[in-house]
1. So which of PHE166, PHE184 is in a loop (DSSP other than H, G, I, E, B) and either touching a Phe, Trp or Tyr at 6+ places or on another chain (Cβ under 8 Å) or surrounded by 15 or more Cβ atoms within 10 Å (Cβ to Cβ) (or both)?
2. Looking at GLY207, GLY215 in this structure, which one is touching a residue at least 60 places away in the same chain (Cβ under 8 Å) and either surrounded by fewer than 20 Cβ atoms within 10 Å (Cβ to Cβ) or in contact with a Leu (Cβ under 6 Å, 6 or more places away or on another chain) (or both)?
3. Kindly state which strands (runs of 3 or more DSSP E) lie completely within the stretch 85-155 and contain at least 2 residues that are of a type in the set (Asp, Glu).
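Just so it is clear, none of the values below were taken in a lab; they were calculated from the coordinates. Note that the coordinates shown come from a computational prediction; the quantities given were computed from them, not determined experimentally. As a convention, Cβ positions derive from the backbone with ideal geometry for all residues, glycine included, and neighbour counts pool all protein chains shown.
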Amino acid sequence: MSHKKKKHEEHENHERWLVSYADFITLLFAFFVVMYSTSSVNEGKFRAVSDSAQGAFNPSSLTAKRLEIGPKFQTSEKYTARIEQVAVIKQVFKDMEKKNNLNIFQDSRGIVIRITDTALFDSGSADIRNEATGAIDKLGEILSPMKENIHIEGHTDDIPMNSIQFPSNWELSSARATSIVRRFISHGVNPSRLTAIGYGEYRHITGNETEEGRGKNRRVDIVILNEDQANSEHVFANPFANLKIE
């Protein structure tokens with residue numbers, strides 16, 4: 001009788017490790033479930049923020065480019081900050097957006113604030129209209145504490161410009177970009193972060209055959225550059241570095 005009892009106890013001792021092993025597997029499974037669910041929640045929150053921002057930027061246009069989240073930005077504080085900045089910018093320009101004079105989107109360079117020329121300037125003029133100065137000044141205040149570099153790009157249609165002040169579209173587009181740069185500087189934006197560019201009619205986004213197309217091409221793009229784009233601006237190659245003069 002005692003011999004059978006000893007065998008039974010040995011059998012229980014040999015299988016006791018299975019209980020600990022099962023507990024370990026259960027805890028490990030629970031750990032991964034918690035981690036996965038946390039990750040899913042974060043992704044869902046950022047996706048919701050992105051979708052809301054996308055709809056707010058230009059809900060009436062199905063072809064407009066949208067802000068998109070890449071995998072490495074899903075939990076980025078910088079991305080969240082940019083969404084908030086764009087929301088504030090959109091509020092500043094709400095009147096222009098109502099009149100379809102504004103489009104905000106993201107491309108490979110960064111965040112682009114695209115404004116039609118008629119919302120900012122009179123025909124053939126580089127002076128910012130009184131109705132637009134308030135919005136431009138507020139935008140300058142928003143951009144002032146930011147660290148990213150900013151391009152202000154003037155664009156025209158292909159109708160030739162020929163006046164004493166602006167002999168061509170090059171001068172007009174450059175002057176318009178410079179007017180906005182000056183306004184930003186007066187509201188605290190560091191001049192070293194700003195670049196005024198005039199493209200004339202040579203960077204059109206649609207054809208110039210119709211008045212509608214020409215109206216889209218006449219624009220100012222304010223580009224808040226991505227960090228990698230901003231850094232590349234400070235790297236200049238010296239073509240004469242290896243040149244020896246004897």
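1. Numbers: PHE184 fails: in a loop (DSSP other than H, G, I, E, B).
Exactly one residue qualifies, and that residue is PHE166.
2. Working: GLY207 fails: touching a residue at least 60 places away in the same chain (Cβ under 8 Å).
Matching residue, one of GLY207, GLY215: GLY215.
3. It comes to none.
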